[in-house]
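Asks: Sharing a structure with you now.
The values are calculated or read from the model by the stated rules, or taken from the named source; none is laboratory data. All values derive from a computational prediction rather than experimental measurement. Positions of Cβ are generated from backbone atoms using ideal geometry, with glycine treated the same way; all protein chains shown enter the neighbour counts. Protein only, heavy atoms only, side chains kept; ligands, DNA and RNA dropped before computing areas. Shrake-Rupley method; radii C 1.70, N 1.55, O 1.52, S 1.80 Å.
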Amino acid sequence: MKDLIGLKTSIGEKIESALNAQIKVEAHSSSIYLAMASWCDYQGYDFSSDFFLEQADEERAHMMKIFHYVKNRGGKAVSPEVVNVPQDFESFRSVFEQALEQEMHVTKQFNNLADLCFKEKDFVTFQFLQWFLEEQVEEEYTMRRAIELFDVIGEEGTGAWDIDKHIPKITFDRG
Amino acid sequence: MICELVKLEEVYRTKDGAVLQCNNKNCFWLEFAGNHTAFRVQDFLQFKKTVDQIDLEDMLIDSSRASDYTLLMPFRTQRCFLLDVTQLLALKEILQGAMFMLELNSLLKACLTDKPMVSHN
Ligand SMILES: [Fe+2]
């Protein structure tokens, strides 16, 4: 029998829907960071606001990278619906803690995706995921470093102001 | 879409219907609820996803009359389906069975055309 589906798409049903789920996670991350940027700006933390604006752009770029991959392989990329975006946060510190939790969630998702690729023997997609897995190391590192500033500098007095000023200076050395 | 019925290959059949494929026009035919509906490959995949996502449990629990039926209007077909839970179960079975057979066919094709790994000894 002629392989009609193979002629249309090189991506399996399960992998396609998992990648579309990841598109949604990246879109959600982007929206969360945008809300964090707004909150930081509103509270007077200019540098952190810019930091989260940049993160929001990065997440959007991640989303588009997966989006293009799905359609380039003949799949149907889904424009994600984004709901449940928190708009208020308990404290300056908690913003970064939530950001770290979000990144840890994303890493877990990518791990699951990689696992699925093995089960489905889709090593092309597995190869595509490598970039994201590496990227996650940097994302988690950056957020952890930011949280550490709260302990190292302390929020008392002009501490919060100092922490904010240090946020853009966090750099990741790939070694 | 018009295909010569004699040239259709049967992908999967149950007592409630079947999925057939046309190798000339590269499309699928769904034989269900007394009708034949043609789908382009991508529309067929989309239709299966839509049907898969229908929550039958939800339909059963929800006591409002509107939830007794689900209306399906696949794009680019002249058909609409108004289906109750039993019919949806039957449709899901046909589509899932067809998908399985199509995947099996792809696998078999891959096995038959792949050259064996070269041994280095
Ligand atoms: Fe990301």
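Asks: Select from region A:28-85 the residues that are under 30 Å from A:Ile11 (Cβ atoms), of a type in the set (A, V, I, L, M) and open to solvent by less than 60 Å² (accessible area, probe 1.4 Å) and list them in ascending order.
Replies: Residues satisfying the conditions are A:Ile32, A:Ala56, A:Ala61, A:Met63, A:Met64, A:Ile66, A:Val70, A:Ala77, A:Val82, A:Val85.
Asks: Further question on the same structure: Which members of region B:11-35 meet the condition of being within 20 Å of B:Asp84 (Cα to Cα) and touching a Lys or Arg at 6+ places or on another chain (Cβ under 7 Å)?
Replies: Listed by number, the list holds a single entry, B:Asn35.
Asks: Restricting to region B:14-47, what's the tally of residues that are within 14 Å of chain A (Cβ to nearest Cβ), open to solvent by 60 Å² or more (accessible area, probe 1.4 Å) and part of a strand (DSSP E or B)?
Replies: Of the residues in that region, 1 qualify.
Asks: Quickly run through region A:136-168 and pick out the residues that are aromatic (Phe, Trp, Tyr) and open to solvent by less than 70 Å² (accessible area, probe 1.4 Å).
Replies: A:Phe150
Asks: Also, quick follow-up: Quick one: would you say A:Ile23 is open to solvent by less than 10 Å² (accessible area, probe 1.4 Å) and within 14 Å of another protein chain (Cβ to nearest Cβ)?
Replies: Spelling it out, it is not the case that A:Ile23 is open to solvent by less than 10 Å² (accessible area, probe 1.4 Å) and within 14 Å of another protein chain (Cβ to nearest Cβ).
Asks: Whether any residue in region B:2-15 is among the hydrophobic types (A, V, I, L, M, F, W, C), farther than 21 Å from B:Leu102 by Cβ and either at pLDDT 90 or above or in contact with a helix residue (DSSP H, G or I) (Cβ under 9 Å, 6 or more places away or on another chain) (or both) is what I want to check.
Replies: No: zero hits.
Asks: If only one of A:Val95, A:Val124 is farther than 21 Å from A:Ala61 by Cα and part of a helix (DSSP H, G or I), which one is it?
Replies: Answer to the check: A:Val95.
Asks: Moving to a separate point now. Residues A:Pro80, A:Pro86: which one is part of a loop (DSSP other than H, G, I, E, B), within 16 Å of the ligand (Cβ to nearest atom) and of a type outside the set (A, V, I, L, M, F, W, C)?
Replies: A:Pro80
Asks: Just to verify a result, which residue in region A:43-69, among those that are among the acidic types (Asp, Glu) and within 15 Å of the ligand (Cβ to nearest atom), is nearest to the other protein chains (Cβ to nearest Cβ)?
Replies: Looking at the filtered set, the residue picked out is A:Glu59.
Asks: So, one more: What is the number of the single condition among (1) within 23 Å of B:Phe28 (Cβ to Cβ); (2) touching a residue at least 24 places away in the same chain (Cβ under 8 Å) that B:Lys109 does not meet?
Replies: (2)
Asks: Yes or no: A:Ile11 open to solvent by less than 40 Å² (accessible area, probe 1.4 Å) and not in a helix (DSSP H, G or I)?
Replies: yes
Asks: Considering A:Phe132, A:Phe126, A:Phe96, A:Phe67, which residue is out of contact with any Ser or Thr (no Cβ under 7 Å at 6 or more places or on another chain) and more than 17 Å from A:Ala21 (Cβ to Cβ)?
Replies: Just one listed residue meets the conditions, A:Phe96.
Asks: Against the condition part of a strand (DSSP E or B), exposed (fewer than 14 other Cβ atoms within 10 Å of the Cβ), out of contact with any Ser or Thr (no Cβ under 8 Å at 6 or more places or on another chain) and away from every other protein chain (no Cβ under 14 Å), how does B:Leu89 come out, does it pass?
Replies: Taking the combined requirement at face value, the residue does not satisfy it.
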